[in-house]
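S.K.: Shown below is the structure under consideration.
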Amino acid sequence: SQEYDSDLTAVNLFEIQGGIAQEVADRIGVTLTPEESVRIQAAPTGSFTAYDFYLLGRARWWSRIPTALEESLGLYQAAIEEDRGFALPYAGLAQTYLLLPAYSFLSEVDVHDLNRRAKEAARTALELDPNLSEAHSALAYIANLYDWDWADAERHFSLALLTEPDNAQALAWYSEVLTTLGRFDEAVAIASRASEIDPHFYSVRIDLALALWNSGDGLAAEQELRAQMEALPGNPAPYFWLTF
């Protein structure tokens, strides 16, 4: 409810956001970890335009609509053109390349090429920001999905969640690894936490349904999928998984 009087530049925007986050934490009695304090005070880019492009790309990516995913690639590239030292859009590219084979079912994609591009983008992001949660989660998902290296996947998920414990996408993807390893109770707990953090992110809720199903709780899995069908009637994913 306070007012902030400052020129609206990229750096000032992040300073205001960090100050508000710290004040909220203080008011509700939450003690931030050193990693969280660093994260909320950091200015990821000095370009307001680059940050706008990144946020627009992230919104398209969140939707999981095939055409929107392809649009997000262009927006991330535009952010990089504005600031080549901005790590987040590289991580965004990596995560988008990973999703295209699953969501671009109407067009042919070269899975191996997309995997290579995802690795390159994620590694570039980590060169710019070694602690970037989104980049570590992308490499973790690559290790799980393509390399079948679950030890490396767990290592990168641990690094992703060390700096951003509430990264809902990282948690949901981690639940898939735990399911593959047969650690079903852990998978349900992790997926449930992801859904609590971001209850409107349907992709996270799908991972929860899959964790429940694999744990043997088919009824709860069906209820979760039907809830997603009601929330997003045009989304084919819940219908697809419900057939199993």
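S.K.: Tell me, yes or no, whether segment 89-101 has at least one residue that is of a type in the set (A, V, I, L, M) and farther than 21 Å from residue 62 by Cβ.
M.R.: Within segment 89-101, none of the residues are of a type in the set (A, V, I, L, M) and farther than 21 Å from residue 62 by Cβ.
S.K.: Does residue 96 satisfy the criteria of being among the polar types (S, T, N, Q) and buried (at least 21 other Cβ atoms within 10 Å of the Cβ)?
M.R.: So residue 96 fits the description; yes.
S.K.: Take residue 42 and tell me if it is at pLDDT below 80, over 30 Å from residue 241 (Cα atoms), surrounded by fewer than 20 Cβ atoms within 10 Å (Cβ to Cβ) and hydrophobic (A, V, I, L, M, F, W, C).
M.R.: So residue 42 fits the description; yes.
S.K.: If you don't mind, there's one more thing I want to ask. Filtering segment 192-244 down to residues that are acidic (Asp, Glu) and outside any helix (DSSP H, G or I), which residue is nearest to the chain's Cα centre (by Cα)?
M.R.: Among them, the one singled out is 198.
S.K.: Still on this structure, I have one more. Has segment 129-139 got at least one residue that is hydrophobic (A, V, I, L, M, F, W, C), part of a helix (DSSP H, G or I), on the phi < 0 side of the Ramachandran plot and open to solvent by 40 Å² or more (accessible area, probe 1.4 Å)?
M.R.: no
S.K.: Here's a check for you: in segment 171-187, which residue that is out of contact with any Leu (no Cβ under 6 Å at 6 or more places or on another chain) and of a type in the set (A, V, I, L, M, F, W, C) is surrounded by the fewest Cβ atoms within 10 Å (Cβ to Cβ)?
M.R.: 181
S.K.: Say whether the condition of being touching a His at 6+ places or on another chain (Cβ under 8 Å) and touching a residue at least 12 places away in the same chain (Cβ under 8 Å) is met by at least one residue in segment 144-153.
M.R.: The answer is no; no qualifying residue exists.
S.K.: Out of (1) part of a helix (DSSP H, G or I); (2) without any contact (Cβ under 8 Å) to a residue 12 or more places away in the chain, what's the single condition that is false for residue 174?
M.R.: It fails just one condition, (2).
S.K.: Considering only residues that are touching an Asp or Glu at 6+ places or on another chain (Cβ under 6 Å) and touching a residue at least 40 places away in the same chain (Cβ under 8 Å), which ones fall in segment 60-114?
M.R.: 87, 91
S.K.: Now a separate question. Considering every residue within segment 70-87, establish whether at least one is within 15 Å of residue 146 (Cα to Cα) and not β-branched (Val, Ile, Thr).
M.R.: No, that holds for no residue.
S.K.: Of all residues in segment 140-157, which are open to solvent by less than 70 Å² (accessible area, probe 1.4 Å) and of a type in the set (Gly, Ala, Ser)?
M.R.: The answer is 140, 143, 153.
S.K.: Being outside any helix (DSSP H, G or I) and of a type in the set (Ser, Thr, Tyr), is that true of even one residue in segment 98-107?
M.R.: Within segment 98-107 (the criterion being outside any helix (DSSP H, G or I) and of a type in the set (Ser, Thr, Tyr)), the answer is yes, since at least one residue qualifies.
S.K.: Of the numbered conditions (1) free of Cβ contacts under 8 Å to residues at least 40 places away in the same chain; (2) in contact with a helix residue (DSSP H, G or I) (Cβ under 8 Å, 6 or more places away or on another chain); (3) farther than 20 Å from residue 133 by Cβ, residue 194 fails exactly one; give the number of that condition.
M.R.: Every listed condition holds for residue 194 apart from (3).
S.K.: So for segment 90-100 (the condition being within 22 Å of residue 206 (Cα to Cα), touching a Lys or Arg at 6+ places or on another chain (Cβ under 7 Å), of a type in the set (Gly, Ala, Ser) and at pLDDT 95 or above), does at least one residue qualify?
M.R.: yes
S.K.: At pLDDT 95 or above, surrounded by 14 or more Cβ atoms within 10 Å (Cβ to Cβ) and within 19 Å of residue 55 (Cβ to Cβ): is that true of residue 73 in this structure?
M.R.: So residue 73 passes the test.
S.K.: Regarding residue 198, is this residue within 25 Å of residue 92 (Cβ to Cβ) and open to solvent by 40 Å² or more (accessible area, probe 1.4 Å)?
M.R.: Yes, satisfied.
The values are calculated or read from the model by the stated rules, or taken from the named source; none is laboratory data. Given the structure is predicted, the values throughout are model-derived calculations rather than measurements. We place every Cβ from the backbone using ideal geometry, glycine too, and count neighbours over all the protein chains shown. The protein model used for the area step is the full one, side chains on, heavy atoms only, and it has no ligands, DNA or RNA in it. Shrake-Rupley method; radii C 1.70, N 1.55, O 1.52, S 1.80 Å.
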